[in-house]
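Okay, so here's the structure we're looking at.
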Amino acid sequence: MGEVMREEERQTADAADAPIFRLALENTSNELETRLVELGQMARIGKLFASSSRLDEVAARGLEILLDATPAENGSIMLYFKEGDDLCMLAAGTRSGRMSYYGPDGHPLRLFTSGEGLAGTCLAQARPIIAPDVANEPLFKHGVGKVEIGSIACLPLFVDGRPLGVVNLSHPESGRLKAENAGAWALLVGYLAVALSNAMLLVRLRQTNDRLQVEVDNRTRSLREANVRLKAAQDRIALHNEELKLKVEERSSELKNALLTLTQRTGSLERANRIKDEFLNNINHELKTPLNAIIGYSGLLLREALTGLTPEQKADLEVIESNGRHLQQIIDNILALREIEGGNVTPECSRSDLSQLLAMAVASVAPRARAKGITALFETPANPPISFLFDPTLVRRVVYNLLDNAIKFSSRGKIRVSMKEEKGIDDDASLVRVLVEDEGMGVKPQDAERIFMKFQQAEPSMRKQEGGSGVGLAIAKTLVELHGGSITYQPSSPAGSIFSFTLPVRR
């Protein structure tokens, strides 16, 4: 009896607990179905991840799966395309299947910065944000497009802790998207983030590869063009080398011929030089010795027979002596030129009186000047410089050459010789300037430089009348420069010439 009562009580209790077990079983079944749906959706994303690497396909299919897995009517994917850049729309779609894809560089408009709006805040805080009623959400900011939004879910895209972007899911009615579903949605978005990251990586790799290919093509084209230019340059160089080779051969032949001609001419010049030396030696022997005798005897007659000579005889003897000295000077100049050209002339300076030297030189040429009706004067300076160092023999030749030149190219008037002391370039240095001024024909401006060259004379007509070797001024210039001085010419007014030379005063 007691056992029957306990069995009835047990049946009554089971009957009372049946609704509770049934509800628990239904809840468990619903949860299992939800998990199966989620697993199916994850499987679809995994399949998408495995089957496609195209960014447009991953974005479109990913949004399609998310819209199927949630109550959302609209969805969008926003990415960081460059680190530190704003969020930009990659793709947007609706449950009805309408999809917009904006390419690997995204929508031209940058929508949100990190921390701005719901999407920016979601990414900055790395957590999902669900706004069941956007009308009461102060962070909500409407983006691109005119999609009506009543509730929204923003889910961050992260890969290996690196922010990639945000997925936005929205419904035009408020309260349709709730926070309790955020965990499952975030799990799906996590799978999508990996797929998007890989697809973006492949896009960048393709872009990089395309850019590198363009650079390689450009570089290859540049190298081909450079090779063409190099080949053309090599051809030109080869042609130029051939031309140079021909020119070198021609020039070598010309140089050989020129060398042969030069050798022949050198031999001729050597023979001519030997003949010149023999000629000058003959002049020295055959002319200078008789001239010395003529000069000596005419001077002796003038001194010894002075009282017994008539004025005409005395004048004739003076002319004989003066012209003899003139001829002797011409011969001395020719011989001096040979010594100068041989580098055998060096001033042998001694302390000498330049004023006395000038007076004696003027006196020695005075008879020859008088024979032409010219008066030769030496203007003695009021304060002549004291004796200083110079080579009297060389300076005497300079003075004789200038006086000879003045007499030769004058037919009247006077020849004045003077001297004066001047300051040199340095304050402590001084110069003596000697001036020889005549009233002759002067020198034409175009001949002013030429007259100091060897074997040059200013007037051919006067050369025929007066003769001369044409080396007097050239010798004078060289001898003055050997002393460290200079010689110049300037015209005299109203007619004539002024030749002057300087000597440094060394005491």
Worksheet entry | Nonlocal amide H pairs with residue 430, under 5 Å, H built at 1.01 Å | 424, 505
Worksheet item: Based on the mean of other beta carbon atoms within 10 Å per residue, what is the order of 441-453, 238-250, most packed first?
Response: 441-453, 238-250
Worksheet item: Which far-off residues, 5 or more places away or on another chain, put their amide H under 5 Å from the one on residue 378, with H placed in the peptide plane?
Response: 417
Discussion item. Is the C-alpha gyration tensor of the stretch 94-154 telling us rounded, prolate or oblate? Criteria: a/c under 1.5 is rounded; beyond that, a/b larger than b/c is prolate, otherwise oblate.
Written reply: oblate
Fill in: Packing-based order for 476-486, 430-440, 180-190, using average beta carbon neighbours within 10 Å, highest first
430-440, 476-486, 180-190
Response to the item:
In nanometres, the difference between 0.36 nm per residue of separation and the alpha-carbon distance of residue 448 and residue 331 is 39.6 nm
Worksheet entry | Exposure of residue 162 as accessible area (Å², to 10), given a probe of 1.4 Å and all protein chains | 120 Å²
Fill in: Accessible area in the full protein assembly, largest first, 1.4 Å probe, for 86, 210, 160
160, 210, 86
Worksheet item: Given the Cα-Cα distance of residue 393 and residue 249 and 0.36 nm per residue of separation, how much length would full extension add, in nm?
Response: 46.3 nm
Practice prompt. Classify the stretch 345-415 as rounded, prolate or oblate from the Cα gyration tensor: take a ≥ b ≥ c as the square roots of its eigenvalues, call it rounded if a/c is under 1.5, otherwise prolate when a/b beats b/c and oblate if not.
Written response: oblate
Worksheet entry | For the stretch 58-194: rounded, prolate or oblate by the Cα gyration tensor [a/c cutoff 1.5] | rounded
Discussion item. Can you compute 3J(HN,Hα) from phi for each residue in the stretch 360-365, using the Karplus curve 6.51 cos²θ - 1.76 cosθ + 1.60 with θ = phi - 60°, rounded to whole Hz and x for Gly and Pro?
Written reply: 5, 5, 5, 5, 6, 9
Worksheet item: Do any of 408/444; 314/477; 314/420; 408/477; 372/477; 423/477 go past 24 Å between their Cα atoms, and which?
Response: 314/477; 314/420; 372/477
Worksheet item: Are there GluC sites (Glu not before Pro) in the stretch 73-178 that DSSP marks as loop and that have at most 15 other Cβ atoms within 10 Å, and which are they?
Response: 83, 148, 173
Worksheet entry | Linear extension gain, residue 412 paired with residue 271, 0.36 nm per residue minus alpha-carbon span | 46.3 nm
Worksheet item: So how do 341, 318 rank on accessible area, 1.4 Å probe, biggest first, that is with the largest at the start?
Response: 341, 318
Fill in: Most to least packed among 124-134, 227-237, 96-106 [average Cβ atoms within 10 Å]
124-134, 96-106, 227-237
Fill in: Label point distance in nm, residue 490-residue 350, each placed 7 Å from Cα along Cα→Cβ
3.5 nm
Worksheet item: Where does the charge balance sit around residue 242 when Lys and Arg score +1, Asp and Glu -1, over other residues with C-beta under 15 Å from its C-beta?
Response: 0
Fill in: Label-point gap, in nm, between residue 430 and residue 313 - each point 7 angstrom along Cα→Cβ
5.0 nm
Worksheet item: What FRET efficiency, computed as 1/(1 + (r/R0)^6) with R0 = 51 Å and r the Cβ-Cβ distance, is obtained for residue 181 and residue 222, rounded to the nearest 0.05?
Response: 0.30
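The values are calculated or read from the model by the stated rules, or taken from the named source; none is laboratory data. Keep in mind it's a predicted model, so treat the numbers as computed, not measured. Glycine gets a Cβ as well: all are built from the backbone with ideal geometry, and neighbour counts include every protein chain shown. For accessibility, only protein heavy atoms count, side chains too; no ligands or nucleic acids. Shrake-Rupley method; radii C 1.70, N 1.55, O 1.52, S 1.80 Å.
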